[in-house]
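Undergrad: Okay, handing you the structure first.
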Amino acid sequence: MFQILTLALLISLLVTSVNGDEKPRGVAYDGRSLIVNGNRELFFSGSIHYTRSPPEMWPEIIRKAKEGGINLIQTYVFWNIHEPVQGQYNFEGNFDIVKFIKEIAEQGLYVTLRIGPYIEAEWSSGGFPYWLREVKNITFRSYNEPFVYHMKKYSEMVIDLMKKEKLFAPQGGPIILAQIENEYNNVQAAYKENGKKYIEWAANMAVGLYDGVPWIMCKQKEAPPTVINTCNGRHCADTFTGPNGPNKPTLWTENWTAQYRTFGDPPSQRSAEDLAFSVARFFAKNGTLTNYYMYHGGTNFGRSSSSFVTTRYYDEAPLDEFGLMRDPKWSHLRDLHRALRLSRRALLWGTPTVQKINQDLEITVYENTAEHMCAAFLTNNHTTQPSNVTFRGAAYYLPEKSVSILADCKTVVYNTQTVVSQHNSRNFVPSEKAKNLKWEMYQEKVPTISELALKNREPLELYSLTKDKSDYAWYSTSINLNRHDLPMRSDILTVLQVASMGHALSAFVNGQYVGFGHGNNIDKSFVFRQPVVLKPGVNDITLLGELVGYPNSGAYMEKRFAGPRAVTLQGLMAGTLDITLNVWGHEVGVSGEKEQVFTEEGAKKVKWTPVTGTPPGPVTWYKTYFDAPEGTDPVALKMDQMQKGMLWVNGKSLGRYWVSFLSPLGQPTQSEYHVPRAFLKPNNNLLVVFEETGGHPAKIEIVTVNRDTICSMITEYHPPNVKNFESSGSKFCPVVEDLKAGAHLTCPDDNVIEKVEFASYGDPDGACGNFTMGTCTSQNSIKVAEKYCLGKHTCTIPIERVTFDEPNKDPCPNIFKTLAVQVKCVVPNKN
């Protein structure tokens, strides 16, 4: 019965539009792969979110992804930016998803559309608009009548828009896959029977709205038969139990290229070698689609990030926050994609066999003898020990934790552990045109309860108070004390204690700043304690409640809370005084937000004064003007001496900054903040900073960003670059006569190599930007590198001992040698 259903589904999925001899247009699938327009294909996909970069950057980012071997772009659809107010839709500017998808199609790539509507994505409320939280009797992500009503209405709106614009594959568009829900297995048990009913309803609803492309559900082990369950994780070749049906392909929807970071985190890293190993293993084990999450992370502009997530998103992706190629991650994966494409015919039409040599070594072969197709994967799973294997009469060396790809079952065209592509290092260069900034300031007035119109006996919950209109809300109360209430000794002060459910607060007593407290991503709640000076008479106690994004994951997201919940004064002569129920005044936002002082018009509404000496401290606005930095490199702000707040350029929000929240390494999680060139004018750009807790704007620096430091680190046993091979039909052959390994260096853009900053042929160590000499090196290393590379856009230094030293003058003839080279690229002199 299941096979009959699957066959019917396949027929329904293969939407045809046949004119003459044209192939059927549409998408089908079976247990081996997706079939697009009648063709099987291997898919190398990259997540790129239109909301996290301006439209002016989209073409270049997509182009670089394509150059990296990507043929499929994956993106979420973000409900809360498209319907911020119920029934009012926004698909303009940065939110023009149709324009984004058409740009992808223009460059010849396909699209996976992850409709959600729950997306997680480290995005505020997981993509849900705030108004949904206030729908009566709603329970998110459950078989709950209000929720399924609004989810279907939104999903139908998105699908209708895609159909109207003819963006689905059967219509001739690029969308070949769609996703409903997201990682529901993580929370399904919390909803019990309503969880199971909901996921079945969601699948049927999606297919019912549009059945022209396959629908997927990621991390959904028991996915309904009408959708494909897929894997998310770092090593899906070993953790994914496979699709829950024999006629569903093995797909990997999120291969995490590092990890998103929250304020207070240390750096998140994942090596190019580990990524490549995971992908090669997956394709060796029947996989035909992997998606890098993220391929370009970009920037969480405005208040779009979820709780405590940094403004910079997945900067460690193959394309960094600024859209620059992060090598070797970008280039090593590019080479992997080429190696797998050289093996494509065997992978798609060959029969797999697996030979397990021992616990760590295995050989997987895809072969079709009748069609002369053969590709092999030689795998060493041991994490520290290299090994040698014999395959079809030939010996092969396998480094630790690596996969060698033999595109013809003979020739190693790629090994995941041996990086033959170049490396690079990122540089932040102070701008000469945008320096010597002249700052002015405007300080917020700290309100008292008499000035706040909204009154309540106790402090109101912060999420429902702000309604996602601002990160900030004022809370104020007053207490009348006489001198007998206060401590009699001068060395004893009353302590203000605030138990908060998150995320941060600044406290003021009688208009004076007394301190700042905050939680973190693991524990949002915290207790603020600070000694304060009280006086006989009326004392005003004012808190600025601060959010750092809405939650984005877990069950019952609509029932999360934040803000102060208990306030006490400790150390009074009568003991501890609980002022939680003392009657509080409230106001959402700070006055500078309401006046929009970050715009040219709004800035005229307040009085600014020059910054001289020490700034006044917390809740202060700063503004300055600057000219666009020289050149075309990306632009950033270095915020080293500031603390916490928000940034705007020409009225556009760059997002939250938080430099004072140090990681366990004693460093800020993020110090540089992206300023897209699309936001800039040639001259007189308005930069506005709202500093919540204190900091000096004089140290803010405008920099340009490049990856003009490029490197290679390659050994004598590295295989040749995969670009030296090609396949056509059943033929596989090298395209160059000399297949020896070499150090290949190519400057970005049209730049040329100006200087060799490091070169060592021997046993160097370190990484690009931080190489060190080992115990042995050729004295001619710099000279050889300069001979082959100076003044060139691209160069290759051969890995041959005679190139560096005469045989009788080799300083270390008895070791396997490594060549490490670091060069500096510059814009060529046009004169």
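Bear in mind that the values in this text are calculations on the coordinates, not laboratory data. Owing to the predicted nature of the structure, the values given are computational and were not obtained by experimental measurement. Quick reminder, even Gly has a Cβ in these numbers, built from the backbone with ideal geometry, and neighbours come from all protein chains shown.
Undergrad: Full extension from Asp627 to Glu726: what is 0.36 nm times the residue separation minus their Cα-Cα distance, to one decimal in nm? Spell out each step's value before the answer.
TA: Details: separation 99, 0.36 × 99 = 35.64 nm, distance 4.87 nm.
The Asp627-Glu726 span can extend by a further 30.8 nm.
Undergrad: Here is a follow-up. Could you list, bin by bin from short to long, the percent of Cα-Cα pairs of the chain in 20 Å steps?
TA: 14, 41, 33, 11, 1
Undergrad: Among the lysines in region 499-611, how many pairs, 8 or more places apart or on different chains, have alpha carbons under 30 Å apart? Don't skip to the answer; put the middle values down first.
TA: Details: Lys524/Lys559; Lys524/Lys594; Lys559/Lys594; Lys594/Lys604; Lys594/Lys605; Lys594/Lys607.
Value for region 499-611: 6.
Undergrad: What are the equivalent ellipsoid semi-axes of region 616-657, built from the alpha-carbon gyration tensor (square roots of five times its eigenvalues), in whole angstrom, biggest first?
TA: Values: eigenvalues 94, 27, 24 Å².
Sorted largest first and rounded, they come to 22, 12, 11 Å.
Undergrad: Roughly how large, in nm² to one decimal, is the mean projection of the convex hull of the alpha-carbon atoms in region 107-248?
TA: Details: hull surface 39.2 nm².
The orientation-averaged projected area of the Cα hull of region 107-248 comes to 9.8 nm².
Undergrad: Classify region 592-678 from the C-alpha gyration tensor, please: rounded if a/c falls under 1.5, else prolate or oblate depending on whether a/b exceeds b/c.
TA: On the way: a/c = 1.83, a/b = 1.18, b/c = 1.55.
Oblate.
Undergrad: Once the dipole of the chain is set up with Lys and Arg at +1 and Asp and Glu at -1 on Cβ about the Cα centre, which of Gly515, Trp58, Thr139 lies farthest towards its positive end?
TA: About the Cα centre, the residue reaching furthest to the positive side is Thr139.
Undergrad: Which value, in nm² and rounded to one decimal, describes the direction-averaged projected area of the C-alpha convex hull of region 553-623?
TA: Numbers: hull surface 40.2 nm².
Approximately 10.1 nm², given one-decimal rounding.
Undergrad: Please report, to one decimal in angstroms, the Kirkwood hydrodynamic radius of region 469-583 built from all distinct Cα-Cα pairs. Don't skip to the answer; put the middle values down first.
TA: Working: mean 1/r = 0.0663 Å⁻¹.
Final number for the Kirkwood radius of region 469-583 is 15.1 Å.
Undergrad: So if the hydrodynamic radius of region 170-303 is defined as the Kirkwood radius over C-alpha pairs, what does Stokes-Einstein give as its diffusion coefficient at 20 °C and 1.002 mPa s, in µm² per second?
TA: Working: Rh = 16.5 Å.
In µm²/s, the coefficient rounds to 130.
Undergrad: If a cysteine in the chain has no other Cys Cβ under 4.7 Å from its own Cβ, put it on the list, ordered by number.
TA: Here Cys218, Cys733 come out as lacking a disulfide-compatible partner, given the Cβ-Cβ threshold of under 4.7 Å.
Undergrad: Calculate the dipole size of region 18-160 relative to its Cα centre from +1 charges on Lys and Arg beta carbons and -1 charges on Asp and Glu beta carbons; express the result in debye to the nearest 20.
TA: On the way: 16 positive and 18 negative charges, 61 e Å.
It works out to roughly 300 debye.
Undergrad: Show that you can apply the helix-only estimate: for the chain, add -39,500 (n - 2.57) for every DSSP H stretch of four or more residues, divide by all residues, and state [θ] at 222 nm to the nearest 500.
TA: Using -39500 (n - 2.57) per qualifying helix, the result is -5000 deg cm²/dmol.
Undergrad: On to the next question. If each Cα of region 375-460 is one equal point scatterer, what is log10 of I(q)/I(0) from the Debye formula at q = 0.16, 0.17, 0.21, 0.27 Å⁻¹?
TA: Debye intensities relative to I(0), on a log10 scale: -0.81, -0.86, -1.02, -1.31.
Undergrad: For region 709-789, taking Cα atoms only, what is the radius of gyration to one decimal and the Dmax to the nearest whole Å?
TA: Here Rg and the maximum Cα pair distance are 15.5, 49 Å.
Undergrad: Only loop residues by DSSP count here, and only those with at most 15 other Cβ atoms within 10 Å; note down the GluC sites (Glu not before Pro) in region 569-676 that meet that.
TA: Working: sites: Glu587, Glu593, Glu595, Glu600, Glu601, Glu630, Glu672; in loops: Glu630.
Answer by residue number: Glu630.
Undergrad: Treating cross-link reach as a plain straight distance, find the aspartates and glutamates whose alpha-carbon is under 15 Å from the alpha-carbon of Lys163, omitting any fewer than eight places away in the same chain.
TA: Within the straight-line cut-off, Lys163 pairs with Asp211.
Undergrad: Considering all alpha-carbon pairs of region 59-98, what whole percent are spaced by more than 11 angstrom? Don't skip to the answer; put the middle values down first.
TA: Details: 549 of 780 pairs.
Result: 70 percent of Cα pairs exceed 11 Å.
Undergrad: Report, in degrees rounded to the nearest 10, the 0 to 90 angle that the Cα long axis of helix 272-284 makes with the longest principal axis of the chain.
TA: On a 0 to 90 degree scale, this one is about 60.
Undergrad: Could you give the spread of the C-alpha atoms of region 247-358 along their three principal axes, from largest to smallest, in whole angstroms?
TA: On the principal axes, region 247-358 reaches 51, 30, 28 Å in Cα extent.
Undergrad: Quick one: what are the phi-derived ³J(HN,Hα) couplings along region 90-98, Karplus 6.51/-1.76/1.60 with θ = phi - 60°, whole Hz, x for glycine and proline?
TA: 9, 10, 9, x, 5, 9, 7, 5, 5
Undergrad: In what sequence, highest mean first, do 620-626, 213-219 appear when ranked by Cβ atoms within 10 angstrom?
TA: Values: 620-626: 21.4, 213-219: 24.0.
Those peptides, ordered most packed to least, come out 213-219, 620-626.
Undergrad: Still on this structure, please answer the following. Give me the mean projected area, in nm² to one decimal, of the convex hull enclosing the Cα positions of region 764-831. Don't skip to the end; give the middle numbers.
TA: Details: hull surface 22.0 nm².
Value for region 764-831: 5.5 nm².
Undergrad: Output the Cα-based Rg and Dmax of region 156-201 in Å, rounding Rg to one decimal and Dmax to a whole number.
TA: Rg then Dmax for region 156-201, in Å: 14.9, 41.
Undergrad: Would you mind putting 147-157, 412-422 in packing order, based on average other-beta-carbon counts within 10 Å, highest first?
TA: Details: 147-157: 18.1, 412-422: 24.2.
The densest-packed peptide leads the list: 412-422, 147-157.
Undergrad: Moving to a separate point now. Rounded to a whole number, what is D in µm²/s for region 651-780 from Stokes-Einstein with the Kirkwood radius over alpha-carbon pairs (10 °C, 1.306 mPa s)?
TA: Numbers: Rh = 20.5 Å.
Result for D is 77 µm²/s.
Undergrad: Next question. Simple spin-label model, 7 Å along Cα-to-Cβ: Glu56 to Lys136 in nm?
TA: 4.8
Undergrad: What ranking, highest mean first, results for peptides 766-774, 495-503, 88-96 when packing means the other Cβ atoms within 10 Å averaged over each residue?
TA: With the highest mean Cβ count within 10 Å placed first, the list reads 495-503, 766-774, 88-96.
Undergrad: Can you give the % of DSSP beta bridges in the chain that are antiparallel, to the nearest 5?
TA: Working: 151 of 184 bridges.
Just about 80 percent of them are antiparallel.
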